[in-house]
Amino acid sequence: MARLTAILAACLLVCALHAGFAEAQQLQGKLYEVGSGLLRYFSPWNQGVAGWIPPKNIKPGDIILFRWLGRHDVRQFPTIIGYSTCSFFLAKVLQPGSYFGFYRYVVKPTDKGSTLYFGSSIGDDCQRDMKVAIPIP
């Protein structure tokens with residue numbers, strides 16, 4: 001019974017967060033959710049997300065949303081080498097590990113013309129393709 005209550009509470013939190021981000025979207029740029037369209041409504045930031053194809057029109061001011069259930073975090077790799085090898089030595093912690101949560105990355109003007117590299121450092125998440133490269137034209 002306690003597990004069912006926890007699952008229900010997490011689902012309600014995810015719905016509330018999703019509604020809040022829809023509001024934020026009106027105030028800033030467009031909202032892009034990592035992993036959307038991969039049939040993972042409750043936890044799109046998950047293992048295998050590397051198969052997600054990011055939109056080609058992300059620009060400064062837009063929001064990149066990471067949302068998950070299960071123990072994960074969000075880290076930003078400074079280079080493609082760290083991303084490719086899942087080396088978190090120089091990766092910046094954007095959101096510490098938690099069992100459910102979200103992180104909202106606002107694309108900066110300095111990101112223009114680069115590729116952003118993100119991954120989860122929890123367990124073998126990264127080795128199981130819980131990482132994503134997002135080009136900012």
Taking region 49-78, which residues are open to solvent by less than 30 Å² (accessible area, probe 1.4 Å), part of a loop (DSSP other than H, G, I, E, B) and of a type outside the set (A, V, I, L, M, F, W, C)?
Pro54, Gly61, Asp62
Looking at (1) modelled with pLDDT of 85 or more; (2) over 19 Å from Ser98 (Cα atoms), find the lone condition where Trp68 falls short.
(2)
Considering only region 97-124, state which residues are more than 14 Å from Leu65 (Cα to Cα), in a strand (DSSP E or B) and open to solvent by less than 80 Å² (accessible area, probe 1.4 Å).
Gly97, Ser98, Ser114, Thr115
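Select from region 47-88 the residues that are farther than 15 Å from Lys131 by Cβ and among the hydrophobic types (A, V, I, L, M, F, W, C) and list them in ascending order. Before the answer, list the steps.
Of the residues in region 47-88, the ones farther than 15 Å from Lys131 by Cβ are 55-63, 65, 67, 69-71.
Answer for region 47-88, where residues must be farther than 15 Å from Lys131 by Cβ and among the hydrophobic types (A, V, I, L, M, F, W, C): Ile58, Ile63, Leu65, Leu69.
Is region 79-92 home to any residue that is under 20 Å from Gly29 (Cβ atoms) and among the aromatic types (Phe, Trp, Tyr)? Before you say what the answer is, go through the steps one by one.
Filtering region 79-92 down to residues under 20 Å from Gly29 (Cβ atoms) leaves none.
No - not one qualifying residue is present in region 79-92.
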Residues of region 79-96 being touching a residue at least 12 places away in the same chain (Cβ under 8 Å) and open to solvent by 30 Å² or more (accessible area, probe 1.4 Å), in sequence order, are Thr79, Ile80, Tyr83, Phe88, Leu90, Lys92, Val93, Gln95, Pro96
Here are the criteria: (1) crowded, with 16+ Cβ neighbours inside 10 Å; (2) touching a Phe, Trp or Tyr at 6+ places or on another chain (Cβ under 9 Å); (3) aliphatic (A, V, I, L, M). Tell me which single one Ile136 does not satisfy.
(2)
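The values are calculated or read from the model by the stated rules, or taken from the named source; none is laboratory data. Quantities reported herein were computed from a predicted structural model and do not represent experimental measurements. Neighbour counts are summed over all protein chains in view; Cβ atoms, including those assigned to glycine, are modelled from backbone coordinates with ideal geometry. To get the accessible areas, we keep the full protein, side chains included, count just its heavy atoms, and leave off ligands, DNA and RNA. Shrake-Rupley method; radii C 1.70, N 1.55, O 1.52, S 1.80 Å.
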